[in-house]
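No lab work stands behind these numbers, since they all come straight from the coordinates. Everything quoted here is computed from the prediction, not taken from an experiment. Note that each Cβ is placed from the backbone with ideal geometry, even for glycine, and that neighbours are counted across all protein chains shown.
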Amino acid sequence: MVGENYHDFFLGSASAVGALIGLLFVAISVTPKAVTGKSEHHKERLKAATAMSAFLDALVVSMVALMPGDNLGTGSSIMAVAGILSTAALAVTGLRAGVLRDPAHPLFRWALLISAFLALYTIQLVSALQINGTASDATHVKTHAILVIFMFIMGISRAWELVGGSSPRLIATFSHPGASEPPRADEQGDTA
């Protein structure tokens, strides 16, 4: 069990990620064919899988941190290895599904996403191995707390994309300050 300094953080984290996993299941149930259906929906399945992976990691690490005893290193190591393996499997699945041939899903973005997940899981594994069975080292507990925050960010961003939210582009936001979307067909008056 982690010290009092981080107890409330991991307790709040476990509660929040539990709610987010529930919302992810609701999002998936709204469009189940997109996630469980035919091969043309590979992007949605990959988004759901990466979101679930991030949320599951944050949940398990938070719950293990709250368990009595010094289990954070072992539990976090197991989740990091599982995360590395699942991310590698998702990368292969994405490549087989033709993610690289899809012009709407650029190679750079896909490689950056996979690299970010692999980096987070690698940092988690290294930090977990350094704990060596004792969660008393505040530096490594803090590293795990920060990693949980990053897993939240990654999971939420993937879930946002799954439900159809657009990815914010900082440069695009500032490049056209006065530009607005063209009026929709139902907003235009009859010109006939």
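The table that follows gives values for the structure above.
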{"read-out": "Packing rank of 57-66, 83-92, where each peptide gets the mean count of other beta carbons within 10 Å, highest leading", "value": "57-66, 83-92"}
{"read-out": "Distance in nm between pseudo-label sites at N5 and T74 (7 Å out along the Cβ direction from Cα)", "value": "2.5"}
